[in-house]
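Below you'll find the structure, written out as structure tokens, and then a few comments.
The values are calculated or read from the model by the stated rules, or taken from the named source; none is laboratory data. A quick note: this is a predicted structure, and the numbers were derived from the prediction, not measured. For neighbour counting, all protein chains shown are included, and Cβ atoms are generated from backbone atoms with ideal geometry for every residue, glycine included.
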Number of protein chains: 2
Amino acid sequence: MLCLKNFVRRVSGFKSKEVEKLIPQLEQLLGSNNVKTSDASRQQHSHDEGHFLYLNIFRGELPDVVVLPKSVNEVSSIAKLCNDHRVSIIPFGTGTGLEGGVNAIHGGVSLDLMLMDKIVSVNAEDFTCTVQPGVTRKKLNSFLKNSGLWFAVELLVPCLDPGADASICGMAATCASGTNAVRYGTMLTNVLNLEVVLPNGEILNTRGKGRRPRKSAAGYNLTELFVGSEGTLGVITEATVRLHAYPSFISAAVCNFPTVYDAVNAVVAVLQCSVPVARIEFMDQLQVAASNKFSHLEIKELPSVFLEFHGCSEDDVKNQAELVGSICQDFKGGEFTWSHLPEERDKLWTARHNALYAVLATKRDSRCFCTDVCVPISHLADVITNTRKDIDESGVFGTIVGHVGDGNFHCMFPVDEQNKDEMKRVWGLSNRLVERALAVGGSCTGEHGVGLGKREYIKKEFGDEGITAMRAIKKAFDPNGIMNPGKIFL
Amino acid sequence: MLCLKNFVRRVSGFKSKEVEKLIPQLEQLLGSNNVKTSDASRQQHSHDEGHFLYLNIFRGELPDVVVLPKSVNEVSSIAKLCNDHRVSIIPFGTGTGLEGGVNAIHGGVSLDLMLMDKIVSVNAEDFTCTVQPGVTRKKLNSFLKNSGLWFAVELLVPCLDPGADASICGMAATCASGTNAVRYGTMLTNVLNLEVVLPNGEILNTRGKGRRPRKSAAGYNLTELFVGSEGTLGVITEATVRLHAYPSFISAAVCNFPTVYDAVNAVVAVLQCSVPVARIEFMDQLQVAASNKFSHLEIKELPSVFLEFHGCSEDDVKNQAELVGSICQDFKGGEFTWSHLPEERDKLWTARHNALYAVLATKRDSRCFCTDVCVPISHLADVITNTRKDIDESGVFGTIVGHVGDGNFHCMFPVDEQNKDEMKRVWGLSNRLVERALAVGGSCTGEHGVGLGKREYIKKEFGDEGITAMRAIKKAFDPNGIMNPGKIFL
């Protein structure tokens with residue numbers, strides 16, 4: 001239970017009394033309506049969608065106050081005030097993360113950014129747009145609907161709440177990616193510029209104010225430094241991101257394989273053949289079984305690969321699918337079903353779309369414990385096979401799904417968080433999964449972030465020198481340690 | 001002459017005497033053969049291929065000593081020694097940069113890394129390889145020839161010496177990109193991990209030792225911080241980079257347009273249609289004229305676009321070319337010539353391949369003054385048109401070529417560096433070009449780096465807060481300021 005032992009530790013120096021003194025000043029700054037101290041507000045801002053809530057470990061670890069700024073200048077004033085009084089700030093967006101990144105484990109000020117919800121600009125010719133933190137991925141893509149463009153970083157699974165939807169700035173903060181990363185990249189490659197309020201109240205534009213060149217070789221890459229920094233260096237108040245041409249034509253395909261090895265070998269061969277595949281998703285046999293039951297499908301209960309192709313003509317997406325189909329046959333692939341017709345495509349992908357709900361449906365009143373790792377593709381089949389074996393032997397039900405083109409996969413467990421024995425076994429599985437990934441040159445998280453859940457592994461992943469370097473950066477930007485304390489580092 | 005006034009300033013604290021004392025210790029460390037103090041060695045390591053050499057401003061600004069380590073441990077020992085004695089280190093690779101990034105303007109130790117020239121590993125299934133600093137792009141791609149893979153960041157123009165070839169680690173240090181970036185990304189997206197020797201001698205692996213996941217959401221993005229840091233934070237001693245599937249089929253095309261506006265509008269339309277174009281290169285009419293003369297071609301002397309398509313079948317690359325051809329016609333494109341046959345493709349691209357030599361051939365004994373900027377594509381036609389006008393009015397001959405799909409372009413001037421009036425006019429053009437790029441939200445350099453040549457603009461590009469943030473990082477990693485002093489920042 002390595003992951004749990006440090007959770008209840010409190011850092012001294014962040015005291016409720018100090019925050020209490022700030023409240024009148026915060027009210028003066030923001031208006032009393034936007035400074036909330038009710039239990040309901042604090043409770044709502046005490047956690048994300050991750051399993052830390054369900055474990056109840058942080059029950060009572062609420063932020064002292066929730067503030068809702070309406071502008072970057074208000075965020076700057078809040079930061080200055082908090083920095084002067086050594087009060088911690090926890091940036092809060094949609095609260096749809098999975099690793100406890102917004103949990104207020106040391107109290108402090110929860111900075112809810114959702115009132116800043118403007119799409120500041122869309123520059124269609126430049127394939128860029130600029131958004132405030134309250135703009136979610138769905139809202140942006142809905143706004144772009146008739147422009148021929150889209151924001152291509154798409155999370156298919158993570159949100160446990162079916163209505164939930166991550167914010168673009170939150171996705172930048174956690175270095176999110178998703179199903180399209182194999183073609184369109186992750187947040188790391190899709191963020192061009194960030195406006196960030198530093199702990200001392202300074203407003204930094206990581207690529208210079210208003211700049212949006214598609215590339216640059218000038219100065220240090222501050223943008224990429226803030227992407228994935230999980231609110232520990234500053235507050236992201238605006239993001240300029242890349243847009244992509246919305247594909248003119250789409251085709252989708254499904255194929256199953258006798259073993260995980262065959263499936264992964266086929267994926268590697270597909271990646272080697274210059275087909276610009278848009279999505280390559282994997283599901284293990286237990287996930288297929290759960291999805292069959294939930295969605296009334298009859299997919300063979302074998303490791304399966306779901307593919308999507310984006311192209312410039314009907315022929316293009318047909319050809320991509322047919323070529324990949326023939327490659328799959330070379331690797332013992334079963335029937336390769338594909339279509340470019342929207343309703344058939346949707347049907348083919350039903351299992352993948354509903355994967356999470358299928359898992360939850362296996363167990364009444366369960367919540368999903370979902371974790372992720374990323375490994376070099378050459379080790380993917382081994383790691384998935386050994387993980388499958390580990391889950392089977394544990395007596396816990398769990399499935400494996402993943403973005404196999406990137407070597408990134410998730411384990412999903414439908415858990416009863418009151419069942420201590422089950423939770424212990426799930427944590428054990430999660431820990432061993434990470435150890436397995438780290439042992440083959442992988443990472444403890446491909447897209448969820450570190451938050452609270454993966455802090456134990458950072459030292460092992462990066463070594464002492466890596467942690468020293470990161471801490472030096474943290475100290476340079478946040479000498480008083482007020483920004484989202486307790487996250488990423490132990 | 002904004003760019004020149006600070007060049008001759010010397011920073012106190014780095015004195016030859018201090019270096020002299022180190023020489024016996026360096027000889028003991030590396031063997032006397034690998035510690036060079038001859039004028040020839042120091043002269044050779046005093047500059048890159050950029051125009052600073054030709055301006056003769058730094059004549060006499062030689063490194064005090066040139067050292068050639070053979071291992072990361074030797075680099076570490078050198079760093080420790082230099083750091084203890086406050087002696088500066090200037091990492092030196094192939095010396096093929098263009099902005100004076102390796103120039104030893106304050107003396108010190110020139111650290112030539114070319115003896116460390118191993119291709120450490122190629123992981124074909126993972127599409128990655130790891131190389132030492134002495135491995136050049138051409139050497140790596142020659143090694144990969146029969147693997148079906150290639151390292152896709154390709155510099156078509158920059159080297160002024162026809163035999164020259166940049167090192168992968170040097171390209172990482174300067175955030176290089178080139179002609180394929182529109183499809184395959186820049187060094188920023190192609191570097192997965194770096195081994196870096198910090199000024200104190202510590203060996204840092206930016207993504208953790210031996211790790212090579214295709215993506216990760218763990219910890220700060222140290223890799224991207226070191227990419228483009230131009231040797232000011234540490235010495236890159238190993239790089240793990242992405243490889244791509246070598247395209248099974250390639251087609252190429254050329255099309256000219258009545259105006260730059262038509263050409264750029266066509267490019268935007270092409271980017272909007274989901275064709276995964278591999279290269280979109282622009283040449284203005286003067287470059288076409290120079291190339292016609294040099295390569296005995298008969299291309300219409302109009303703004304021209306050169307395209308390359310990579311695909312998984314002959315049909316695929318045919319279709320891509322034909323679709324783009326029809327789009328070009330919609331934007332007043334002239335004859336759209338294309339081919340998928342290797343010899344015809346090469347012929348079509350002859351003009352682009354020989355652009356630099358064509359420019360040099362316009363003026364006997366000239367050297368090329370080459371500069372670059374990057375602008376949002378929506379401003380590209382304006383900026384190119386105004387730059388063309390500015391060059392025409394200056395009385396200096398110069399051409400414009402560029403990676404138009406990224407908004408990145410170069411101006412090339414064949415100069416006589418002894419002609420002070422001409423050099424003054426060229427610097428004036430270069431300065432106004434940068435001002436024009438910065439005024440429309442662009443960057444002072446898209447792929448050459450800052451080095452000495454663009455230091456004046458960094459503050460304007462990033463603002464005070466950006467510079468403060470970068471300096472804080474510099475101080476955190478290099479508190480004694482020994483790493484490549486005088487570069488990036490003024």
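So which residues in segment B:418-454 are surrounded by fewer than 18 Cβ atoms within 10 Å (Cβ to Cβ) and touching a residue at least 24 places away in the same chain (Cβ under 8 Å), if there are any at all?
Once the filter is applied, which keeps residues that are surrounded by fewer than 18 Cβ atoms within 10 Å (Cβ to Cβ) and touching a residue at least 24 places away in the same chain (Cβ under 8 Å), segment B:418-454 yields B:LYS424, B:GLY428, B:ASN431, B:ARG432.
Exactly one of these conditions fails for A:ASP117: (1) in contact (Cβ under 8 Å) with a residue 40 or more places away in the chain; (2) part of a loop (DSSP other than H, G, I, E, B). Give me its number.
Here A:ASP117 clears every test but (1).
Can you work out which of the residues in segment A:449-487 that are more than 11 Å from every other protein chain (Cβ to nearest Cβ) and in contact with a Pro (Cβ under 6 Å, 6 or more places away or on another chain) is farthest from B:GLY466 (Cα to Cα)?
Ranking the qualifying residues of segment A:449-487, first place goes to A:ILE482.
When you scan segment A:223-233, do you find a residue that is without any contact (Cβ under 8 Å) to a residue 40 or more places away in the chain and not aromatic (Phe, Trp, Tyr), even just one?
Yes - at least one qualifying residue is present in segment A:223-233.
Hey, does segment A:311-323 have a residue that's more than 14 Å from chain B (Cβ to nearest Cβ) and more than 30 Å from A:PRO485 (Cβ to Cβ)?
no
Which residues, taken from segment B:272-289, are outside any strand (DSSP E or B), in contact (Cβ under 8 Å) with a residue 24 or more places away in the chain and either within 24 Å of the chain's Cα centre (by Cα) or farther than 12 Å from B:VAL182 by Cα (or both)?
B:CYS273, B:PRO276, B:VAL277, B:ALA278, B:ASP284, B:LEU286, B:GLN287, B:VAL288, listed by residue number.
Between A:LYS389, A:LYS332, which is modelled with pLDDT of 95 or more, over 22 Å from A:GLY446 (Cα atoms) and of a type in the set (Lys, Arg)?
A:LYS332
Restricting attention to segment A:290-310, and to residues there that are under 23 Å from A:ILE250 (Cα atoms) and part of a loop (DSSP other than H, G, I, E, B), which single residue is nearest to the other protein chains (Cβ to nearest Cβ)?
The residue in question is A:ILE299.
Does B:VAL267 meet the test of being hydrophobic (A, V, I, L, M, F, W, C), surrounded by 24 or more Cβ atoms within 10 Å (Cβ to Cβ) and more than 7 Å from every other protein chain (Cβ to nearest Cβ)?
It is true that B:VAL267 is hydrophobic (A, V, I, L, M, F, W, C), surrounded by 24 or more Cβ atoms within 10 Å (Cβ to Cβ) and more than 7 Å from every other protein chain (Cβ to nearest Cβ).
Scan segment B:200-211 residue by residue and report those that are under 16 Å from B:THR232 (Cβ atoms) and either touching a Leu at 6+ places or on another chain (Cβ under 8 Å) or at pLDDT below 95 (or both).
B:LEU204, B:THR206, listed by residue number.
Condition check: farther than 21 Å from B:PHE369 by Cβ, touching a strand residue (DSSP E or B) at 6+ places or on another chain (Cβ under 7 Å) and not hydroxyl-bearing (Ser, Thr, Tyr). Does B:ASN480 satisfy that?
In short, no.
Return the residues of segment B:78-107 that are in a helix (DSSP H, G or I) and either modelled with pLDDT under 95 or buried (at least 24 other Cβ atoms within 10 Å of the Cβ) (or both); say none if nothing qualifies.
If the condition is that a residue be in a helix (DSSP H, G or I) and either modelled with pLDDT under 95 or buried (at least 24 other Cβ atoms within 10 Å of the Cβ) (or both), then B:ILE78, B:ALA79, B:CYS82 are the ones that fit.
Just a yes or no: is a residue in segment A:110-124 in contact with a Pro (Cβ under 7 Å, 6 or more places away or on another chain) and under 18 Å from A:LEU192 (Cα atoms)?
Yes; the residues of segment A:110-124 include at least one that is in contact with a Pro (Cβ under 7 Å, 6 or more places away or on another chain) and under 18 Å from A:LEU192 (Cα atoms).
For A:PHE409, all conditions in the list (1) away from chain B (no Cβ under 14 Å); (2) within 21 Å of A:LEU286 (Cα to Cα) hold save one; what is the number of the exception?
Single failed check for A:PHE409: (1).
If you take the residues of segment A:336-375 that are outside any helix (DSSP H, G or I) and without any contact (Cβ under 8 Å) to a residue 40 or more places away in the chain, which of them is surrounded by the most Cβ atoms within 10 Å (Cβ to Cβ)?
Restricting to residues being outside any helix (DSSP H, G or I) and without any contact (Cβ under 8 Å) to a residue 40 or more places away in the chain, the top hit is A:LEU341.
Assess whether A:GLY170 counts as being among the small types (Gly, Ala, Ser), part of a loop (DSSP other than H, G, I, E, B) and within 29 Å of B:PRO213 (Cα to Cα).
So A:GLY170 fails the test.
How many residues, within segment B:249-264, are within 10 Å of chain A (Cβ to nearest Cβ) and within 27 Å of the chain's Cα centre (by Cα)?
Number satisfying all stated conditions: 2.
Could you run through segment B:348-369 and say how many residues are touching a strand residue (DSSP E or B) at 6+ places or on another chain (Cβ under 8 Å) and under 30 Å from B:VAL275 (Cα atoms)?
Summing the residues that are touching a strand residue (DSSP E or B) at 6+ places or on another chain (Cβ under 8 Å) and under 30 Å from B:VAL275 (Cα atoms) in segment B:348-369 gives 6.
Criterion first (assigned by the TED database to the domain that holds A:ASP330, under 20 Å from A:ARG345 (Cα atoms) and buried (at least 19 other Cβ atoms within 10 Å of the Cβ)) does A:GLU281 satisfy it?
Here the answer is yes, as A:GLU281 does meet what is asked.
Being at pLDDT 95 or above, surrounded by 18 or more Cβ atoms within 10 Å (Cβ to Cβ) and farther than 30 Å from A:ASP315 by Cβ is the filter here, so list the residues in segment B:295-323 that pass it.
B:LEU302, B:PRO303
Among helices (runs of 4 or more DSSP H) lying entirely in segment A:379-490, which contain 3 or more residues that are over 24 Å from A:VAL288 (Cα atoms) and of a type outside the set (Phe, Trp, Tyr)?
A:420-439, A:455-477
Could you list all residues from segment A:433-482 that are among the hydrophobic types (A, V, I, L, M, F, W, C), within 20 Å of the chain's Cα centre (by Cα) and under 19 Å from A:GLY234 (Cα atoms)?
A:VAL450, A:LEU452
Here is a check on your reading of the model: is A:LEU188 within 11 Å of chain B (Cβ to nearest Cβ) and part of a strand (DSSP E or B)?
Against the criterion (within 11 Å of chain B (Cβ to nearest Cβ) and part of a strand (DSSP E or B)), A:LEU188 does not qualify.
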